[in-house]
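Novice: Got a structure here, written out as structure tokens. Questions coming.
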Amino acid sequence: NKPGFISLTRFDESRPAVKEQPAGDKGRIIQVNIWYPSVAGTRRMHFADYVGLVGKELDISLANTNWKQKGIDKYFEWPMSAGADKNKFTAFLDKKIPMMAYSDAKWLKQKYPLVMLVHGFAADHAYLAEYLASNGYVVMHVPVKGTKQYELDYEGLGLDSQVKDYEFALNILRKEFSSITDVAATIGFSFGSQSAVALAIRNKSVNAVISYDGGIGSFFGAQLLSNQAYYRELDVMAPILHLYNPADPYTDLTWFNSIRHADRFLAGMKNMQH
């Protein structure tokens, strides 16, 4: 399969806009990024295209050049604050090396299982998402943001907002596309692993959970999940694969002993970095 890619913007009018959205927006803005098996299109995606999407997360009215530059500045904000050379980033983006996915390519008219990638930006997951789409999966990602503001609130409220963002996006996929069968897996990175488990609890169509160095492998993250009003240990039934670094001082695998109705696979990876 040739992977296709499309980015949608929809508004959840059941929830208020975050404070950084334009004043006229009705509802919480939700960017839904989708990779899917397709007929090869005419234009291949570049990594810069994925990075640029960060600039459209809160305002879709920006001119093309403005949102792309805004996305680049935001995406590389953290490494530059740590002393990285911005010129090296821009030189790489300027090469416009083609990715696997074709922009806005025609969908193949078949049914495919869905994988939801939870947390981070679209660019963070682009290589994995393209690979999965090329192997017969529809892949969906929603950028992370907070409940009342853009910056994520790293607490139970932030977890709940992330889960609701994905549930809204899942309904959009089911309503606007007919290519999804079931949810093969939720894959959560870092804070997103708690949300991935929560999605599996609240949506029984989720068949598996994968945690990439996820918070469920720490006391803090497991507690956030356990404190959700709908959380019950016996409702954690989807099999879970958790990848972690045993040497990480925050590693605490106690939570996995409490979920006795789910198959658990713990993979310690020496020298893995978050």
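The values are calculated or read from the model by the stated rules, or taken from the named source; none is laboratory data. All of these numbers come straight from a predicted model, not from anything done at the bench. Don't worry about glycine lacking a Cβ; one is built from the backbone with ideal geometry, like all the others, and counts go over all protein chains shown. Just the protein is used for accessible areas: all its heavy atoms, side chains included, with ligands, DNA and RNA removed. Shrake-Rupley method; radii C 1.70, N 1.55, O 1.52, S 1.80 Å.
Novice: Of the options Gln110, Phe47, Ser61, report the single residue whose Cα projects farthest towards the positive end of the charge dipole of the range 1-154 (beta-carbon charges: Lys, Arg +1; Asp, Glu -1).
Specialist: Gln110
Novice: In terms of modelled amide H atoms, which long-range or inter-chain residues lie less than 5 Å from the amide H of Gln228?
Specialist: It is none; the list stays empty.
Novice: Moving to a separate point now. Charges only on Cβ, +1 for Lys and Arg, -1 for Asp and Glu: so what's the dipole of the range 74-197 about the Cα centre, in debye to the nearest 20? Intermediate values should be presented prior to the final figure.
Specialist: On the way: 13 positive and 14 negative charges, 96 e Å.
Charge dipole, the range 74-197, about its Cα centre: 460 debye, nearest 20.
Novice: How much accessible area per residue does the chain have, counting only protein heavy atoms and a probe of 1.4 Å, in square angstrom? Don't skip to the end; give the middle numbers.
Specialist: Details: 13270 Å² over 274 residues.
Per-residue accessible area for the chain comes out at 48 Å².
Novice: From the backbone phi of the range 28-42, what are the Karplus-calculated ³J(HN,Hα) couplings (6.51 cos²θ - 1.76 cosθ + 1.60, θ = phi - 60°) in whole Hz, Gly and Pro given as x?
Specialist: Once rounded to whole Hz, the list reads 7, 6, 10, 8, 10, 9, 10, 10, 7, x, 9, 7, 3, x, 9.
Novice: Between rounded, prolate and oblate, where does the range 150-274 land on the alpha carbon gyration tensor, with a ≥ b ≥ c its root eigenvalues, rounded for a/c under 1.5, else prolate if a/b exceeds b/c? Intermediate results must be reported in sequence, preceding the final value.
Specialist: Details: a/c = 1.62, a/b = 1.48, b/c = 1.10.
In terms of gyration-tensor shape, prolate.
Novice: Could you tell me what percent of the accessible area of the range 131-274 is made up of carbon and sulfur, with a 1.4 Å probe and every protein chain present? Don't skip to the answer; put the middle values down first.
Specialist: On the way: 3550 of 6640 Å².
Here carbon and sulfur together make up 53 percent of the probe-accessible area.
Novice: Let me ask you something else. Can you list the residues, at least 5 places off or on another chain, whose amide H is less than 5 Å from the amide H of Thr147, using H built in the peptide plane?
Specialist: Asp153
Novice: Then there is this: With an 8 Å cut-off on Cα pairs and a minimum separation of 6 or more residues, tell me the relative contact order of the range 32-74 in percent.
Specialist: 38
Novice: Another one. If you put +1 on each Lys and Arg Cβ and -1 on each Asp and Glu Cβ, how big is the dipole of the range 227-274 around its Cα centre, in Debye rounded to 20?
Specialist: Dipole about the Cα centre, nearest 20: 80 debye.
Novice: Go through the range 84-90 residue by residue and turn each phi into a ³J(HN,Hα) via Karplus (6.51, -1.76, 1.60, θ = phi - 60°); whole Hz please, and just put x for glycine and proline.
Specialist: Per-residue couplings from phi come out as 5, 8, 4, 4, 5, 5, 5 Hz.
Novice: When DSSP beta bridges are limited to those with both residues in the chain, what percentage is antiparallel, rounded to the nearest 5?
Specialist: 40
Novice: Amide H of Ile180: which non-local residues (sequence gap of 5 or more, or other chain) have their own amide H closer than 5 Å, using H built in the peptide plane?
Specialist: Tyr112
Novice: Pairs Lys2/Lys175; Lys204/Lys270; Lys88/Lys270; Lys56/Lys109; Lys68/Lys145; Lys19/Lys74: which are spaced more than 22 Å apart, C-alpha to C-alpha? Intermediate results must be reported in sequence, preceding the final value.
Specialist: Values: Lys2/Lys175 24 Å; Lys204/Lys270 33 Å; Lys88/Lys270 29 Å; Lys56/Lys109 29 Å; Lys68/Lys145 19 Å; Lys19/Lys74 17 Å.
Pairs exceeding 22 Å: Lys2/Lys175; Lys204/Lys270; Lys88/Lys270; Lys56/Lys109.
Novice: With percent of Cα pairs over 23 Å apart in mind, check (i) 59; (ii) 47; (iii) 55 and report the label derived from this structure.
Specialist: (iii)
Novice: Still on this structure, please answer the following. Using the Karplus equation 6.51 cos²θ - 1.76 cosθ + 1.60 (θ = phi - 60°), what ³J(HN,Hα) coupling, rounded to whole Hz, does each residue of the range 54-59 give in order, writing x for Gly and Pro?
Specialist: Those phi angles translate into 4, x, 9, 5, 10, 8 Hz.
Novice: Relative contact order of the range 159-274: what whole-number percent is it, with Cα pairs under 8 angstrom and at least 6 residues apart?
Specialist: Relative contact order for the range 159-274 comes out at 22 percent.
Novice: Distance from the Cα centre of the range 110-132 to that of the range 62-96, in angstrom?
Specialist: Going from one Cα centre to the other spans 22 Å.
Novice: Let me ask something else. Suppose every Lys and Arg Cβ carries +1 and every Asp and Glu Cβ carries -1, with no other charges. What dipole size does the chain come out with about its Cα centre, to the nearest 20 debye?
Specialist: Charge dipole, the chain, about its Cα centre: 840 debye, nearest 20.
Novice: Another question, then. Can you tell me the relative contact order of the chain? Whole percent, Cα pairs under 8 Å, sequence separation 6 or more.
Specialist: 16
Novice: Cα centroid distance between the range 139-217 and the range 24-43, in Å?
Specialist: Cα centroid to Cα centroid, the span is 16 Å.
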